1. Translational diffusion coefficient of the stretch 81-135 at 37 °C, 0.692 mPa s, Stokes-Einstein with Kirkwood Rh over Cα pairs, in µm²/s as a whole number.
2. Could you give the distance between the Cα centres of the stretch 42-69 and the stretch 73-150, to the whole Å?
3. About the Cα centre, and with charges only on the beta carbon of Lys, Arg (+1) and Asp, Glu (-1), how big is the dipole of the stretch 167-263? Nearest 20 debye, please.
4. Normalised radius of gyration for the chain, please: alpha carbon Rg relative to 2.2 N^0.38 Å, two decimal places.
5. Rank L63, T12, Q136 by how far each Cα sits towards the positive end of the charge dipole of the chain (+1 on Lys, Arg Cβ; -1 on Asp, Glu Cβ) and give me just the farthest.
6. Give the average over all directions of the projected area of the C-alpha convex hull of the stretch 31-178, one decimal, in nm².
7. For a label point 7 angstrom out from the Cα of W50 toward its Cβ, which stretches of the stretch 116-136 have the backbone nitrogen within less than 19 Å?
8. Determine the dipole magnitude for the stretch 7-284: charges of +1 sit on the beta-carbon of Lys and Arg, -1 on that of Asp and Glu, nothing else is charged, the reference point is the Cα centre, and the result goes in debye to the nearest 20.
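Quick note: the coordinates plus some simple rules give every number you see, no bench work behind them. Just so it is clear, the model here is predicted, and its values are computed rather than measured. Here the Cβ positions follow ideal geometry from the backbone for every residue, glycine too, while neighbour counts run over all protein chains shown.
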Amino acid sequence: MWEPHTVTTHETVDPGPVAALAALFDNGLDTPLADDPLPPMWHWVALPRWPASSQIGADGHPLRGSFLPPVDLPRRMFAGGEVNWHSDLHVGETVHRESCVESVTEKSGRSGRLVVVVVRTRLYRDSGELALAERQDLIYREAGTAAAAPEPDGAAELTPVGSPFRRIDDSTWAFHTDPTLLMRFSAATANAHRIHYDWPYATRVEGYPGLVVHGPLMTLALAEVRRLGHRPGNLTRLQHRNLSPLFCGQEALLRARSTAAGFEVELGGSDVTRVNTRIKLAIRNLSR
């Protein structure tokens, strides 16, 4: 019988995936090198976890029933979470990771039955100092309806876009995606979820209209807006929430606005009523 348990590992903040993400973003900012502070949320890339091939399920995710509970619902979504920073991580340093499943809650939504799994992670520096504490919310849903899916011919029109960031003004960036961008992000983050690169699976099995942009990629893009805008102060907390899928090639804008505590960034369409994901950032202007 499955029971929640804590998994502990010692890992290195890997400069390889860090360089890969910098190359993928290609946004004019310097690539973090050895001993440089890791940009906010880049630990998702710098600490990839590669399960053995024999431990991969039909959707590309690791088999359930070991660390994650054996939820019987097929569709998994990255719904959001929160990260609190206590000290900076640096490229190349060794960290101690502790992860556990905090809760498993079954609910009923508009689309039917769903299960919410909350995962907590703490990253400690080699000295024992807590670097960050994170909560991730995962949602498992019932199977989608694989209606008349688009033919793969449409995917051929999604040619490489170059850098996904294109500045429009001081607070707005266009965000562009293509299949190579999604594939490269999947590789950098050890994310084998097939909805991000397998067009027939995404459309004909899970019922999406095309490839799905990763929730973590959208969150990272939103966090990157702070660096692109050269905003001052130390980031202490980031709350992120994914509200709806973004599909590969779909027009999207990153829109930032200042708040009393820091600032907020939304990703959505040119019509401001469409918001796919949102982050709220708390800023401390004093040095740590």
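1. On the way: Rh = 13.0 Å.
D = 253 µm²/s.
2. Measuring centre to centre over Cα atoms gives 12 Å.
3. Details: 11 positive and 7 negative charges, 73 e Å.
Dipole of the stretch 167-263, to the nearest 20 debye: 340 debye.
4. On the way: Rg = 18.7 Å, N = 288, 2.2 N^0.38 = 18.9 Å.
Scaled against compact globular proteins, the figure is 0.99.
5. The listed residue farthest towards the positive side: Q136.
6. Numbers: hull surface 52.4 nm².
With every direction weighted equally, the projected area is 13.1 nm².
7. Nothing falls inside the zone, counting backbone N under 19 Å.
8. Numbers: 29 positive and 32 negative charges, 165 e Å.
Around 800 debye, computed over the stretch 7-284.
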